[in-house]
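Notes to accompany the following structure.
The values are calculated or read from the model by the stated rules, or taken from the named source; none is laboratory data. The structure presented is a predicted model; accordingly, all values stated were derived computationally and were not measured. Heads up, the Cβs are rebuilt from the backbone with ideal geometry, glycines too, and the neighbour counts pull from every protein chain shown. Heads up: the accessible areas ignore ligands, DNA and RNA and are worked out on the full protein's heavy atoms, side chains in. Shrake-Rupley method; radii C 1.70, N 1.55, O 1.52, S 1.80 Å.
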Amino acid sequence: MKKEADDAAIPADQVQAALETILASRVFINAPRMCRLLRFLVEKAISGAVRDTSEYAIGIEVFDHDPSAYSTSEDPVVRVQVGRLRKKLKVYYAILGADSSIEISIPIGSYMPVIQRKSVLDIAPKQSGILAIHPFKCISHHQDAVNFTQGLNEELMHQLFKAFGKIIVTYSFVTSGDADYESWILKDIYGAGVKHLLEGSIQIDEEHLRASIRLIDVSAGCIAWTEQFDRRVFFAISHQEELALSICRALKRFFCHQ
């Protein structure tokens with residue numbers, strides 16, 4: 001169990017050292033704006049300057065907005081970038097920072113970081129062979145199909161964690177269709193130590209359901225494995241569970257032959 005956050009109990013020099021380690025990691029090293037944002041927030045937390053981490057203050061100090069023209073209601077840059085920062089920190093601690101003794105996080109609904117020391121039980125050995133999961137998309141417009149796909153994503157996450165343990169990392173992004181953007185996404189997660197990205201889609205007509213699954217080799221940027229799973233249409237939790245187990249078993253067979 002983690003101890004309750006207590007910034008004062010951790011010496012400032014140790015927090016600063018933890019920050020520098022994060023910023024120098026391959027998760028952050030090529031993201032200068034993320035580095036600037038994290039440094040700003042952590043240094044404000046160290047100094048206890050809570051009021052200086054309002055959305056408006058961050059927009060002015062970190063993103064160089066004009067104080068006379070900046071409006072947080074019209075420009076969501078701080079909310080968007082802090083959301084991205086939360087995800088990057090999650091990836092960092094799941095992979096490179098798994099054995100860190102100090103954890104820095106930013107709770108949802110707040111911009112002030114929580115800095116806490118992890119107990120020995122929380123410190124895990126570094127993982128290898130990380131599998132990232134991009135939630136499957138539904139390419140049918142029927143609401144039952146959308147709901148089924150959301151439920152399948154939840155069930156698949158559960159089954160993959162049971163099968164592979166802590167090598168699983170979720171990674172959500174918007175597929176823009178732009179090749180340069182998607183290439184940047186692959187480089188971003190490869191820099192985080194991810195080897196494979198699992199993605200897929202669900203297509204449903206009146207009688208049939210097809211799950212098309214792809215495993216992307218992140219370093220090469222190409223498809224390493226693909227499979228299709230055809231089922232009769234049956235919107236039920238048991239159907240989600242059976243399909244998720246089938247996908248999970250197929251992935252196991254793929255990795256066993258690597």
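The figures follow:
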| read-out | value |
| --- | --- |
| Förster-model FRET efficiency, 22 Å R0, Lys90 and Val50, C-beta, rounded to 0.05 | 0.40 |
| Residues Ala224 and Asn147, FRET efficiency given R0 of 35 Å [Cβ-Cβ distance, rounded to 0.05] | 0.70 |
| Ile139 versus Glu242: modelled label distance in nm, points set 7 Å from Cα along the beta carbon direction | 2.4 |
| Inter-probe distance in nm under a simple model that places probes 7 Å from Cα toward Cβ, at Glu43 and Ala98 | 3.3 |
| Cα-based Rg / Dmax (Å) for segment 201-258 | 13.1, 39 |
| Full-stretch length increase - Glu61, Val114 - with 0.36 nm per residue and alpha-carbon distance subtracted | 17.1 nm |
| Per-residue SASA entry for Tyr111, accessible area with 1.4 Å probe, Å² rounded to 10 | 40 |
| Added length on full extension, which subtracts the Cα-Cα distance from 0.36 nm per residue, Arg253 to Glu20 | 79.8 nm |
